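Novice: My questions all concern the structure below.
The values are calculated or read from the model by the stated rules, or taken from the named source; none is laboratory data. All values derive from a computational prediction rather than experimental measurement. No Cβ is skipped: glycine too gets one built from the backbone with ideal geometry, and neighbour counts run over all protein chains shown.
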Amino acid sequence: MTPILPPFPRTRMRRMRSSAALRDLAQEHRLSTKDLIWPIFVTDVAGANVEVSSMPGVVRRDFDGALRAAEEAAELGIPAICLFPYTDPAVKTESCEAAWDPENFTNKVIRAIKERTPEVAIMTDIALDPYNANGHDGLVRDGIILNDETVECLVKMGLAQAEAGADILGPSDMMDGRIGALRDAMEAAGHQNVTILSYAAKYASAFYGPFRDAVGATGALKGDKKTYQMNPANANEALRLIARDLTEGADMVMVKPGMPYLDICTRVKAEFGVPTYAYQVSGEYAMLMAAVQNGWLDHDKVMLESLMAFRRAGCDGVLSYFAPAAARLLRADGL
């Protein structure tokens, strides 16, 4: 699209910025509470409900804390929460069988939230790292992350979560073929309405450090995740991965991390026109909060500006640890 602009002074671009009313009328993108998914860390390990040291204001929540968070989301108008477990190291094994135990802590929390706060959609994480003694998203043999054997485990994990009442499955593992396998399993088990939000373009990023602290994976991880997560230098590969996951049955797709990869978000939305999300990951949150705590940035302003960047880039929504704070501000403005 080529704009038609008569020369100055017939065109004065500042005219449409000259008052709040005109700025509102000309605003191209809006941010509302309906654009937010709130990631929540849950645990049955003693010592919960304390702040994660590398994520100011974020806590690991016990059973009651998780239920209170869901109620808070409902009160604030946040449509969905995403559960991430912090697992007792004693439960972690190389075979990861706790991941698909119907009675694991995450599945208990899902059932309780659906009973108490059914209007809040529950998104889950599908990857083996919270239950893996090796800290990887997949099974490990002789130092190799196994693809097909891992997919079989992920399907069992997804089925257990769907049976517990999960609304959105979030495969974050980056194994090949897992979306098709999960979709086929959901159909066969009668879970036709369970949606899949695929972490389709998940990069092997240095921005995940605080998250790994929050879920207890930092010390367990052996090696790195570069054989299954994406090279940060690649963009066209992301489009191929998005296309593959959509072909296999993903309902929505995600780019992760968020702000360093806004170019990918824009390309995905323009190319496919599907529901597109980004994850404002732990490192992004920690950077902004560190600057806020040092008095270098204004918390509310930088928070809302960073979230608006995702909408401007084409995202339909964003997973963000800022979700409840942002929702309070947006609700105060009637958004």
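Novice: Residues of region 302-316 being under 17 Å from the mean Cα position of the chain (by Cα) and not charged (D, E, K, R), which ones? Give the steps one after another, and end with the answer.
Specialist: Of the residues in region 302-316, the ones under 17 Å from the mean Cα position of the chain (by Cα) are 303, 306-311, 313-316.
Met303, Ser306, Leu307, Met308, Ala309, Phe310, Ala313, Gly314, Cys315, listed by residue number.
Novice: Something else about it: Do the conditions hold for Pro171, that is, is it more than 30 Å from Leu329 (Cβ to Cβ), modelled with pLDDT under 95 and either surrounded by 22 or more Cβ atoms within 10 Å (Cβ to Cβ) or of a type in the set (Lys, Arg) (or both)?
Specialist: In short, no.
Novice: Which one is surrounded by the fewest Cβ atoms within 10 Å (Cβ to Cβ), of the residues in region 69-101 that are touching a residue at least 60 places away in the same chain (Cβ under 8 Å), touching a Ser or Thr at 6+ places or on another chain (Cβ under 8 Å) and in a helix (DSSP H, G or I)?
Specialist: Of everything passing the filter in region 69-101, Leu76 is surrounded by the fewest Cβ atoms within 10 Å (Cβ to Cβ).
Novice: Considering only region 112-136, how many residues are assigned to a loop (DSSP other than H, G, I, E, B) and more than 20 Å from Pro171 (Cβ to Cβ)?
Specialist: Here is the first cut: in region 112-136, the ones assigned to a loop (DSSP other than H, G, I, E, B) are 117-120, 127-128, 133-136.
Narrowing the set further to residues that are more than 20 Å from Pro171 (Cβ to Cβ) leaves 117-120, 133.
Number of matching residues: 5.
Novice: Can you tell me which residues in region 254-289 are hydroxyl-bearing (Ser, Thr, Tyr) and either touching a helix residue (DSSP H, G or I) at 6+ places or on another chain (Cβ under 6 Å) or in a helix (DSSP H, G or I) (or both)? Don't jump to the end; show me each part of the working.
Specialist: To start, the set of residues in region 254-289 that are hydroxyl-bearing (Ser, Thr, Tyr) comprises 261, 266, 276-277, 279, 282, 285.
Correct list: Tyr261, Thr266, Thr276, Ser282, Tyr285.
Novice: For region 210-225, state whether one or more residues are charged (D, E, K, R) and touching a strand residue (DSSP E or B) at 6+ places or on another chain (Cβ under 9 Å).
Specialist: Yes, there is a match, as at least one residue in region 210-225 is charged (D, E, K, R) and touching a strand residue (DSSP E or B) at 6+ places or on another chain (Cβ under 9 Å).
Novice: Find the residue count for region 137-157, including only residues that are within 22 Å of the chain's Cα centre (by Cα) and in a loop (DSSP other than H, G, I, E, B). Please lay out each step first, then the result.
Specialist: Here is the first cut: in region 137-157, the residues within 22 Å of the chain's Cα centre (by Cα) are 137-138, 150-151, 153-157.
Pick out the ones that are also in a loop (DSSP other than H, G, I, E, B) and you get 137-138.
Residues that pass the stated criteria total 2.
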